[in-house]
Structures are given as C-alpha cells and as structure tokens.
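Contents: one structure, followed by commentary.
Throughout, read-outs are computed from the coordinates displayed, never taken from laboratory work. Predicted model, so just to flag it, every value in this text is computed and none were measured. Because the Cβ atoms are built from the backbone with ideal geometry, glycine has one as well, and the counts that use them run over all protein chains shown.
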C-alpha cells in the first residue's frame, strides 16, 4: 500500500512570521535585539529547543538560558495562529491525496500545537497518523518515526513518498530509503551543493506536489524529475 508523508511547517503551512515573532518576543525578554525574519527562518527545523538556542547565540546571549525554552513555548502558544495559514493550494493537494493513499504527518513541532494547527484549518481528518517532535521518537532526521509509519501502513520504502521543504526532511527520507518531494515555496534552506537523487524531485508549486504523488501511485518510473 502506498503512503504519503508530509512535513508541516514550510510544507503545508506558512508559519514563518509567527515563529519569527515569537522568537523575537522571547529574545526581547532578555534585552536582546530582534533578529531578521529570514535569519530566524534559517534556524527552524530541528525543534523549538534548537531554535531558541540558535536565536540566543545569534543575539550574543548564552544559548542555554534556563528559562528561554519555556518562555518561547508560552509566547508561541499565544501567537500560534496570528498569521499562520496553509500555503495556497496545499489544502486541495491534501484533499485529493487522501482519496488515493493513506496520509501521515511528521513534524519536529510538538504534537499539541501540531494538532491544534491541523484542527484550526480543518485538516486533522486528512491524516491517519500524526507524529510530533515529542511523540516518543527521536526527531527528524532520525528515520525511526518514518519507518514506524511505514510499518503501521503496510507500506515499503519504494511506495512511500515524503513531502518536505528542508535539508532535514531530505536527510530523513534518505535515511529511511523512501522517495522524496522537496517544495521550494517553504522556508527550509538547502545547501548550494544539494543535488537530487533517483526517486527524488523538487517542485515550486503545490500542484506539482500532486504530480509527484500521481507518479508514485502510478509507479510509472523508478525516479522523479521536476515537472516542467
């Protein structure tokens, strides 16, 4: 059975501004100056703890301030839905895909805010499984959670597609041996040296995600190429 697994931030939802504003509000509690949104976006992907540590270090503060993570989480819980919205077209991608294959969500964001976001945008019913960064597995890029999802769904690496936006997502997919679709419209940063491998594609629009899904489902080839 095929399985389609999605990342959340930078893939399904554009949470860039709320994450940045929450980080800057946390920094302000220490008297630190605000950091540019793009700079903070480049710190996202390894979970809130790493985001806080990187933000503090970039502002010249001790990255291990003992209360910083709790402060950030309290602020972000309040700001969670200030500006965050699904990327245009991604709801339609999910709605179409759920009729063709089981869907799973795999994020390094804690499970509670992940589910709150899914509920807010009426997306929870699209996913058979939801795994957050505190759901009992090592965070991405550790592949254990993705392997677990394949086991639960009866899928194999050959007919599993992971849709994400970052180098962390790419490493997760590669370590699990699954196919990969990277979206360019998110805020994940890929190194300039990054190159696609067989079974991988890179797309710029949500409708191209649907094309990648169709190619997996049709099993028309052993590798993807970016849609024209």
(request) Estimate the FRET efficiency between residue 218 and residue 175 by the formula 1/(1 + (r/R0)^6), using the beta-carbon distance for r and 30 Å for R0, to the nearest 0.05. (result) 0.70
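Remind me, relative contact order of the stretch 35-135 in percent, using alpha carbon pairs under 8 angstrom and six or more residues apart?
Numbers: 88 pairs, mean separation 24.1, N = 101.
Once normalised by length, the contact order is 24 percent.
If packing is taken as the average count of other Cβ atoms within 10 Å, what order do 133-146, 81-94 fall into, highest mean first? Working shown, then result.
Numbers: 133-146: 18.7, 81-94: 17.1.
Averaged packing, sorted descending, gives the order 133-146, 81-94.
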(message) Assuming 0.36 nm per residue, please report the length gained on full extension of the stretch residue 152 to residue 1 beyond their Cα-Cα distance.
(response) 53.3 nm
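Calculate, in nm to one decimal, what residue 197 and residue 119 gain on full extension: separation in residues at 0.36 nm each, minus their alpha carbon distance.
On the way: separation 78, 0.36 × 78 = 28.08 nm, distance 3.49 nm.
Length difference between fully extended and current span is 24.6 nm.
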(message) Starting from 0.36 nm per residue, how many nanometres of slack lie between residue 65 and residue 38 once their C-alpha separation is accounted for?
(response) 7.4 nm
(request) Counting only DSSP beta bridges with both residues in the chain, tell me the antiparallel percent, nearest 5. (result) 10
(request) Assuming a ≥ b ≥ c are the square roots of the Cα gyration tensor eigenvalues, decide whether the stretch 166-209 counts as rounded (a/c under 1.5), prolate (otherwise, with a/b larger than b/c) or oblate. (result) oblate
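Normalised by the residues of the chain, what does the relative contact order come to in percent, with Cα pairs under 8 Å and at least six apart? Intermediate results must be reported in sequence, preceding the final value.
Details: 405 pairs, mean separation 54.2, N = 228.
It comes to 24 percent, rounded to a whole number.
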(request) Could you grab the Rg to Rh ratio for the stretch 16-79? Cα atoms only, Kirkwood for Rh. (result) 0.89
(request) Once you have all Cα-Cα distances for the stretch 44-157, histogram them in 5 Å bins from zero and send the whole-percent values. (result) 2, 10, 17, 20, 19, 15, 9, 5, 3, 1
